[in-house]
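To start, the structure itself, in structure tokens.
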2 protein chains.
Amino acid sequence: MPLIEPVPDVRSLDLLHSVAELGSIRQAALRHTMSQPAASMRLRSLERALDLQLLDRSHGRAQLTSAGVAVVQWSEEVLEGMRSLLLGAQAVRSDGKTHLRVVASMTVAEYLVPGWLNRLRASDPAIIVSLQMGNTQHVIEVMLRGDAEIGFVEGRHAPSELGSRTVQSDNLVVVVAPSHRWARRRKPVSALELSTTPLVVREAGSGTREVLEGAMSSRGLTLTTSVELGSTTAIKAAVASGAGPGVVSRLAIETDVQDGRLVVVATEGLLLERSIRMVWSKKRPLSSTAKRLVRQIDDSSSSRRPVQP
Amino acid sequence: MPLIEPVPDVRSLDLLHSVAELGSIRQAALRHTMSQPAASMRLRSLERALDLQLLDRSHGRAQLTSAGVAVVQWSEEVLEGMRSLLLGAQAVRSDGKTHLRVVASMTVAEYLVPGWLNRLRASDPAIIVSLQMGNTQHVIEVMLRGDAEIGFVEGRHAPSELGSRTVQSDNLVVVVAPSHRWARRRKPVSALELSTTPLVVREAGSGTREVLEGAMSSRGLTLTTSVELGSTTAIKAAVASGAGPGVVSRLAIETDVQDGRLVVVATEGLLLERSIRMVWSKKRPLSSTAKRLVRQIDDSSSSRRPVQP
DNA sequence: TAGTGGCATAAGGAAACCTTATAGCTATGT
DNA sequence: ACATAGCTATAAGGTTTCCTTATGCCACTA
């Protein structure tokens, strides 16, 4: 889903911001070290792109219209984001001794690792972490190749060349759109009912899918699929737009449930648990930075407590 | 303070984002309806602008480097901001009846409104909503000027020209970094202890701050501040990196607590509640779209259910 | 009424960008 | 080893965008 054209130029937004602050196109042009006509033209083309009158030029100096004020506000988020991107790029460039390479499978990388890394960065902003993501197989390959110090996978695959340890548990849940009839249902969905309902799931070979099929086959049941998608995000989008029940990691849908996009349906008779394992190379000892990360993770899972104390 | 040149083009960031998702420059080019060489050149010039190697092209298909992953992450904020800007501009442009202008104070706008609007859009994709944010004062001004149909503020300010009604309640909580000693504490923090501890809080005049000071003064206590910051996000970042206890809205920290960046500390003896109020102009009746939003909100606060069914 | 600061338009040249055509490279399968 | 398929880079040519300088008009102010 690319942005809708025409996309305004960020520097034009920046310029508009200066106009709002300084009250004149001329001053803004000076601040941005460009000629006044250039600034004037930029702003005009911005107005053309947004199809909005942003400035009122009929009173000598340029005055923001109400639409202009609104756009300035919205552009603040964009500018803030751009600033941190530029700053971040600079940091990566001037880089790093305390460099930690992490590779994780999708769900962990998307929903768990960011929290860990934020804490790690908070404890020492000089630490630079690069995160690579892929499926379980990919994680193993990267680790064996020595292209990352530490990895995370879902499920219980434990190749012999690599050490591994469980760091957290996760479980799968059934979700539906708020408009789906199951959203208002009180009784849990039985294993049998679930196995005969077409579900939106990940493609065969993914960790999520394996757990689901394993749980069903242990009860002598088989999975019925409605759509098979390649990412958790795709599943969430499909389910939210009415594609029927889907199965995803609980970790992946917390905010969607809070925002009312998805509703969790209780199930019974199926063990949809799986562990999240850390893997490392037995050949090389963990780097000190990697050790810190491990300590952070252990701390956070033991000291975690509910929001309601 | 203009942006530091060179500023990368947002469409290039968008393109990079697609490359990350689709795994190939060619596919990304297709999605963005441009030729493959054009995409290739855009990405190359993005790399030149940032002075970073973002893609590894040595294996047939393009693979993100660690720097590439980092840039994609940062660019997400930029793209998100640009998307809401474009959406907002579209809303301001179209004067039709499917157009709803909402203005909300920071906490509500960031943590509550997105969920409501998503549900509203789901119920009727034709509805176009523009969201503006600011402090309580700003919300009132916009409403009085008639630049929005409906507004949301924290606290109980009720100017006479505007109607208002409580739609939800919120409360403030004390949070600390997981490394802080209070994180492991069992006993609730007393009002007295809290009032004598330097806290990280919002600046004077903010709704959050007013509630906190009000609650303390009703017990004959006064607030001791350690740092005063201008946004909830800033407070969270400061607290997470060890600046001592902070006070923020519960709404704002749910995911941070889940991710282990912050820990909630129980308190006793202070009533840190506040209501979130909807405000509208008494002069004009609510538009039909606004009424739908109100109904959505009422529904969602009554039918909301916990993640664990 | 003159002056000052500010914005718009015009013209010319430089730079950026896109498209089509083409060639080289990598992985996969026979 | 060979061939095919899919992907990316380079080249050439044309269009569009953007900037700068020069100049005129307009609105406030003294």
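The values are calculated or read from the model by the stated rules, or taken from the named source; none is laboratory data. These numbers come from a predicted model, not from an experiment. Because the Cβ atoms are built from the backbone with ideal geometry, glycine has one as well, and the counts that use them run over all protein chains shown.
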Return a yes/no flag: does segment B:97-106 have any residue that is out of contact with any Lys or Arg (no Cβ under 7 Å at 6 or more places or on another chain), under 30 Å from A:Val113 (Cβ atoms) and more than 9 Å from chain A (Cβ to nearest Cβ).
yes
Matching residues, segment A:266-282, being within 23 Å of A:Arg185 (Cα to Cα) and surrounded by 19 or more Cβ atoms within 10 Å (Cβ to Cβ):
A:Thr267, A:Leu270, A:Leu272
Checking the structure you have, find out if any residue of segment B:175-184 is within 14 Å of chain A (Cβ to nearest Cβ) and under 30 Å from A:Val69 (Cα atoms).
no
Filter the strands (runs of 3 or more DSSP E) completely within segment B:64-175 down to those with at least 1 residues that are surrounded by fewer than 23 Cβ atoms within 10 Å (Cβ to Cβ), modelled with pLDDT of 85 or more and in contact with a strand residue (DSSP E or B) (Cβ under 7 Å, 6 or more places away or on another chain).
B:150-154
Residue by residue through segment B:176-194, note down the ones that are crowded, with 22+ Cβ neighbours inside 10 Å and under 20 Å from B:Arg274 (Cα atoms).
B:Leu194
Residue count for segment A:159-179, restricted to those that are more than 14 Å from A:Ile253 (Cβ to Cβ) and either of a type outside the set (Asp, Glu) or outside the structural domain of A:Thr136 (by TED's automatic domain parsing) (or both):
11
Where B:Ser35 falls short, out of the listed (1) within 14 Å of DNA strand C (Cβ to nearest atom); (2) more than 10 Å from chain A (Cβ to nearest Cβ); (3) within 22 Å of A:Val10 (Cβ to Cβ)
(3)
Residue selected from segment B:38-56 under the condition free of Cβ contacts under 8 Å to residues at least 24 places away in the same chain and closer than 17 Å to B:Val72 by Cβ, by the criterion nearest to DNA strand D (Cβ to nearest atom):
B:Arg44
Just to be sure before I move on: is B:Val72 over 25 Å from A:Glu149 (Cα atoms), away from DNA strand C (no atom under 16 Å from the Cβ), among the hydrophobic types (A, V, I, L, M, F, W, C) and within 32 Å of the chain's Cα centre (by Cα) in the structure I sent?
no
How many residues, within segment A:206-222, are in contact with a helix residue (DSSP H, G or I) (Cβ under 6 Å, 6 or more places away or on another chain), in a helix (DSSP H, G or I) and more than 16 Å from A:Ser249 (Cα to Cα)?
1
When the residues of segment B:185-205 are filtered to those that are part of a loop (DSSP other than H, G, I, E, B) and of a type outside the set (D, E, K, R), which remaining residue is nearest to the other protein chains (Cβ to nearest Cβ)?
B:Pro188
Hey, can you tell me all the residues within segment A:13-37 that are part of a helix (DSSP H, G or I), of a type in the set (Gly, Ala, Ser) and either more than 11 Å from DNA strand D (Cβ to nearest atom) or at positive phi (or both)?
A:Ser18, A:Ala20, A:Ala28
A:Gln53 vs. criteria assigned to a loop (DSSP other than H, G, I, E, B), surrounded by fewer than 20 Cβ atoms within 10 Å (Cβ to Cβ) and within 12 Å of DNA strand C (Cβ to nearest atom):
yes
